[in-house]
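The structure appears below as structure tokens.
The values are calculated or read from the model by the stated rules, or taken from the named source; none is laboratory data. In this text the structure is predicted, and so the values were computed from the model without any measurement. With ideal geometry, Cβ positions are generated from the backbone for all residues, glycine too; neighbour counts draw on all protein chains shown. With ligands, DNA and RNA removed, areas are computed over all heavy atoms of the protein, side chains included. Shrake-Rupley method; radii C 1.70, N 1.55, O 1.52, S 1.80 Å.
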Amino acid sequence: MSSEDTPEQGSDRTPGPTGGTPSVPEPPRADTPKGPDTPKAPGTPPPSQMPSVPETPETPAPSPQEPSGPQLTGRQRLAAGLWPPRVTRAQLIVALLLFVLGLGLAIQVRSTSDNSALRGARQEDLVRILDELDSRTKRLEDEKQRLEGQRTELETSSNQAAEARKQTLEKERQLGILAGTVAAQGPGITLTIIDSKKAVEADKLLDTIQELRAAGAEAIQVNDVRVVANTYFSDADGGIEVDGRKVAAPYVFKVIGKPQDLEPALNIPGGVVQTLEKEQATATVVRSEKIVVDALRPAKRPDYARSSSR
């Protein structure tokens, strides 16, 4: 066979115009990766046309970091968890309701404790207290009627000047008794307090004076000291001072007033007599139809106050 009839390997030739066997061109070869053949899905583009996926750099594992600040103690962590407080609206409403409930219970307990003395009193003591209140009411009514009568006399009297002078003198005597500048006598009681252990203090005697005034006492004398509106009591060595004058036990109170009101006021449950007995002292009340209060106080002219009536 001649060289013209044998095509060279790797060259593409077409048949010439003369006869002979036509040669079939070989298809182009595609570069395939080495290795085992893998089936391809239909429509899959060749590897050269597939988009490249960028490689994700590997993230190194976090290394344990040392704390930047000082370690907190348990108490500091507890304080940080409690403050600032995180309060919701529902918690605020519940707290407000609990506050109102506690306030109401406190008021109820206080009112109950205030009335506990009367609740534990006997029937005779309650009747005595009611009688004392009735007596005070009647005394105020009598004073009201007396003042109204004086006004009527001044309005209807033919000699108003003489009537006015009469009432002025009467008022002066009453004010003198209250001020302690004149002596007084009348029905009342004598209260004797024996304090052998020196346990009675000045505040107990002051409470006694206040109780007697509330019961309608009009004139009071303690030992040889007249008690007036500005009288004060203070503790002293070996006794008690009244308006700066020392008095010693036994303390004798001469009181002018209605005995039926004065004695029950001292003997009520929790009153003066029971309080003095708790101090290991003895208190004795004696009624009398004639009590003389003769301790006097000097009349002092006020330095600045003047009468506004003309």
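Going by the conditions given, is ALA295 part of a loop (DSSP other than H, G, I, E, B) and touching a residue at least 60 places away in the same chain (Cβ under 8 Å)?
On the way: part of a loop (DSSP other than H, G, I, E, B): yes; touching a residue at least 60 places away in the same chain (Cβ under 8 Å): yes.
The answer is yes for ALA295.
With the condition kept exactly as written, say whether any residue in segment 58-78 is at pLDDT below 75 and either within 30 Å of GLU211 (Cβ to Cβ) or surrounded by 10 or more Cβ atoms within 10 Å (Cβ to Cβ) (or both). Spell out how you get there, then give the answer.
Just the residues of segment 58-78 that are at pLDDT below 75, to begin with: 58-70, 72.
Next cut, either within 30 Å of GLU211 (Cβ to Cβ) or surrounded by 10 or more Cβ atoms within 10 Å (Cβ to Cβ) (or both) only: 72.
Yes, there is a match, as at least one residue in segment 58-78 is at pLDDT below 75 and either within 30 Å of GLU211 (Cβ to Cβ) or surrounded by 10 or more Cβ atoms within 10 Å (Cβ to Cβ) (or both).
Would you mind telling me which numbered condition in (1) under 47 Å from the mean Cα position of the chain (by Cα); (2) farther than 28 Å from VAL225 by Cα ALA162 fails? Evaluating ALA162 over (1) under 47 Å from the mean Cα position of the chain (by Cα); (2) farther than 28 Å from VAL225 by Cα leaves (1) as the failure. If I ask for residues that are closer than 14 Å to ARG297 by Cα, without any contact (Cβ under 8 Å) to a residue 60 or more places away in the chain and under 42 Å from the mean Cα position of the chain (by Cα), which ones from segment 172-207 would you list? Selection gives LEU178 alone.
State which residue is modelled with the lowest pLDDT when the search covers only segment 100-129 and only residues that are outside any helix (DSSP H, G or I) and either open to solvent by less than 90 Å² (accessible area, probe 1.4 Å) or aromatic (Phe, Trp, Tyr) (or both). Checked segment 100-129; the qualifying residue modelled with the lowest pLDDT is ASN115.
Residues in segment 226-240 that are in a strand (DSSP E or B) and farther than 15 Å from THR208 by Cα: ASP235, ALA236, GLY239.
When the residues of segment 138-171 are filtered to those that are acidic (Asp, Glu) and surrounded by 13 or more Cβ atoms within 10 Å (Cβ to Cβ), the one that is farthest from ALA299 (Cα to Cα) is GLU153. The residues on offer are GLU132, GLU211, and the sole one that is crowded, with 16+ Cβ neighbours inside 10 Å, modelled with pLDDT under 85 and touching a helix residue (DSSP H, G or I) at 6+ places or on another chain (Cβ under 8 Å) is GLU132. Taking each residue of segment 231-244 that is more than 22 Å from ALA179 (Cα to Cα) and looking for partners that are open to solvent by 40 Å² or more (accessible area, probe 1.4 Å) with beta-carbon atoms closer than 6 Å, six or more apart or interchain, yields ASP235/GLU201; ALA236/LYS246; GLY239/LYS246; GLY239/ALA248. Scan segment 76-97 residue by residue and report those that are among the charged types (D, E, K, R) and more than 25 Å from the chain's Cα centre (by Cα). Correct list: ARG77, ARG86. Restricted to segment 189-217, and to residues there that are part of a helix (DSSP H, G or I) and among the β-branched types (Val, Ile, Thr), the residue that is nearest to PRO264 (Cα to Cα) is THR208.
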